[in-house]
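For reference, the structure is listed below as C-alpha cells.
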Amino acid sequence: MEKKTKEPMLYIHQPHFKMPEIKMQEVYSAKNAKKQAAARQASDNHKKSKPAVQREESIFGPASHEADLPERNDDVQSAIRDYQDAQLEKKEEESRKQGFFSFQRVKPFKEMNVEERLDYLIHFPKQLPPVPCLILTEEKTYRGIVQSMPSEDRVEIKLMDQSLETISVKSIKEIKMIGFTK
C-alpha cells in the first residue's frame with residue numbers, strides 16, 4: 001500500500017499521530033484456482049502412478065513385450081466401457097420403471113365421465129375429508145357425499161341431512177364437486 005506523503009492537518013499545532021494498523025483481507029482464493037490446483041494434483045498423481053505400475057510388473061516377473069501392453073490396456077478400457085454402459089442402461093431402465101409407477105398423470109375431474117368420477121369419489125384418499133358433490137339425475141338433484149357402490153348399477157350417497165340415498169348409476173347425468181360451504 002502507498003503511504004500518503006502528507007498527513008491531514010487537523011490542528012494548528014500538529015501532534016505526532018500513530019497511524020492505525022489496518023486489518024484487511026490480503027489473501028483470497030477463487031474457485032478457478034481451486035480447480036486448477038486439483039487438476040494439477042491429479043496430473044501429478046497420474047504421473048507418479050505410472051512408474052509404480054512398471055515396478056509392479058518387474059517385481060512379478062520379467063517385463064512383457066511393450067507391444068502387448070497397449071493391447072491389454074485397450075482390452076481393459078473396452079471392458080470398463082462395456083461395464084459402464086451396462087450400468088447406465090440398468091439405471092435408465094430402473095428410472096423408467098420408477099417414473100412409470102410413481103408419477104402417473106391423474107386425469108382432471110372435469111375430463112372424467114360419470115363412472116370415472118364415481119370411482120374417484122369412492123376411492124378418495126382417506127387422509128383428506130370427503131368432498132360434497134352435486135349429483136344431477138333425470139328426476140332430482142342431490143347434494144351429498146358419495147359413500148359406496150353396493151352393486152355396479154347402484155350408488156349410495158350420504159345427503160347433507162345425514163340420511164343415505166341409493167340411486168341408479170344410469171340415471172346420473174352429471175357429478176360436480178361443490179366443496180364445503182361456510
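Some values worked out for this structure:
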{"quantity": "Filtered residues of the range 108-128 (kept if surrounded by 10 or more Cβ atoms within 10 Å (Cβ to Cβ) and either touching a Cys at 6+ places or on another chain (Cβ under 6 Å) or at pLDDT below 90 (or both))", "calculated": "F109, F124"}
{"quantity": "Selection from the range 124-145 of residues that are in contact with a strand residue (DSSP E or B) (Cβ under 6 Å, 6 or more places away or on another chain) and among the hydrophobic types (A, V, I, L, M, F, W, C)", "calculated": "V131, C133, L134, I135, L136, I145"}
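For (1) charged (D, E, K, R); (2) modelled with pLDDT of 95 or more; (3) closer than 18 Å to M112 by Cα, each residue gets a yes or a no:
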position: P132; (1), (2), (3): no, no, yes
position: K140; (1), (2), (3): yes, no, no
position: Q147; (1), (2), (3): no, no, no
position: E165; (1), (2), (3): yes, no, no
position: I175; (1), (2), (3): no, no, yes
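The values are calculated or read from the model by the stated rules, or taken from the named source; none is laboratory data. This structure is a prediction, so every number in the text was calculated from the model and none was measured. Neighbour counts are summed over all protein chains in view; Cβ atoms, including those assigned to glycine, are modelled from backbone coordinates with ideal geometry.
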